Amino acid sequence: AQSVAQPEDQVNVAEGNPLTVKCTYSVSGNPYLFWYVQYPNRGLQFLLKYITGDNLVKGSYGFEAEFNKSQTSFHLKKPSALVSDSALYFCAVSPLNQAGTALIFGKGTTLSVSS
Amino acid sequence: KAGVTQTPRYLIKTRGQQVTLSCSPISGHRSVSWYQQTPGQGLQFLFEYFSETQRNKGNFPGRFSGRQFSNSRSEMNVSTLELGDSALYLCASSFSSGHSYEQYFGPGTRLTVT
């Protein structure tokens with residue numbers, strides 16, 4: 001079965017410090033991977049995606065993600081965290097054994113950035 | 001460009017009733033997907049519509065159904081509501097249907113079943 005795991009329910013960082021939100025995946029074939037962010041009482045916002053090519057993907061709001069095929073990971077990173085980055089982050093994969101645009105999401109990681 | 005809109009934003013229904021939720025995608029987007037978000041199960045895919053045809057369906061009972069109109073607007077219907085159907089229902093649109101297309105989500109409809 002294809003799946004996504006986010007091993008940390010919560011990540012706490014101080015403003016200005018680098019942040020990492022972890023994601024590992026289990027898929028057959030080449031993965032299509034995504035990161036989304038959800039602010040309270042709002043829908044999900046697309047941050048970035050990995051389809052193919054460079055292992056380091058740059059996205060919105062200064063976020064980037066590193067694809068590592070050997071470790072089946074797709075960790076989200078930011079060099080310097082902001083208090084406004086505090087939100088719920090979801091990693092997702094588009095399963096190749098299904099048609100269309102369906103996403104399988106991880107359980108989510110709450111990022112808390114303190115001032 | 002306007003984002004994905006969902007109506008209504010909040011809904012309270014009684015067990016056994018049925019409900020219809022509406023979603024208007026971003027202009028030019030032809031694919032609409034629906035997801036259910038609950039604290040226990042997280043985000044789960046319900047179904048996707050593309051060019052008025054159901055492209056894919058998640059693992060939900062037949063009480064959950066949907067449709068898409070020629071202008072790409074979509075509706076989902078839940079019949080015979082159960083308490084466990086209480087959730088945030090999210091609609092997402094994408095330019096086309098396929099694994100590489102990112103989805104843009106609406107704010108969701110919060111459904112409470114009493």
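The values are calculated or read from the model by the stated rules, or taken from the named source; none is laboratory data. Quick caveat: nothing in here was measured; it's all calculated off a predicted structure. Glycine also receives a Cβ, built like all others from the backbone with ideal geometry; neighbour counts cover every protein chain displayed.
Looking at A:Val13, A:Val57, A:Val4, which one is without any contact (Cβ under 8 Å) to a residue 24 or more places away in the chain, farther than 24 Å from B:His29 by Cα, part of a strand (DSSP E or B) and not acidic (Asp, Glu)? Lay out the reasoning, then the answer.
Numbers: A:Val13 fails: without any contact (Cβ under 8 Å) to a residue 24 or more places away in the chain; A:Val4 fails: without any contact (Cβ under 8 Å) to a residue 24 or more places away in the chain.
Going through A:Val13, A:Val57, A:Val4 in turn, the sole match is A:Val57.
Restricting to the range A:64-93, name every residue that is within 12 Å of chain B (Cβ to nearest Cβ) and either among the β-branched types (Val, Ile, Thr) or part of a loop (DSSP other than H, G, I, E, B) (or both).
The answer is A:Val93, and nothing else.
For the range A:16-54, name all the residues that are of a type in the set (Gly, Ala, Ser), modelled with pLDDT under 95 and not in a strand (DSSP E or B).
Residues satisfying the conditions are A:Ser28, A:Gly29, A:Gly43, A:Gly53.
Need a quick list: strands (runs of 3 or more DSSP E) entirely within the range B:23-68 having at least 2 residues that are in contact (Cβ under 8 Å) with a residue 60 or more places away in the chain and surrounded by 14 or more Cβ atoms within 10 Å (Cβ to Cβ).
B:31-38
Considering only the range B:96-114, how many residues are assigned to a loop (DSSP other than H, G, I, E, B) and either within 27 Å of A:Val27 (Cα to Cα) or under 12 Å from the mean Cα position of the chain (by Cα) (or both)?
The total comes to 11.
With respect to A:Leu96, is the statement that it is assigned to a strand (DSSP E or B) and either closer than 16 Å to B:Ser100 by Cβ or more than 12 Å from chain B (Cβ to nearest Cβ) (or both) true?
no
Only one of (1) within 30 Å of B:Cys23 (Cβ to Cβ); (2) in contact with a Ser or Thr (Cβ under 9 Å, 6 or more places away or on another chain) is not met by A:Asn41, so which one is it?
Failing condition for A:Asn41: (2).
For the range B:73-89: of the residues being surrounded by 14 or more Cβ atoms within 10 Å (Cβ to Cβ) and in contact (Cβ under 8 Å) with a residue 60 or more places away in the chain, which is nearest to B:Tyr35 (Cα to Cα)?
B:Tyr89
From B:Ser94, B:Ser51, which residue is more than 22 Å from A:Phe105 (Cα to Cα), small (Gly, Ala, Ser) and modelled with pLDDT under 95?
One residue alone meets the criteria, B:Ser51.
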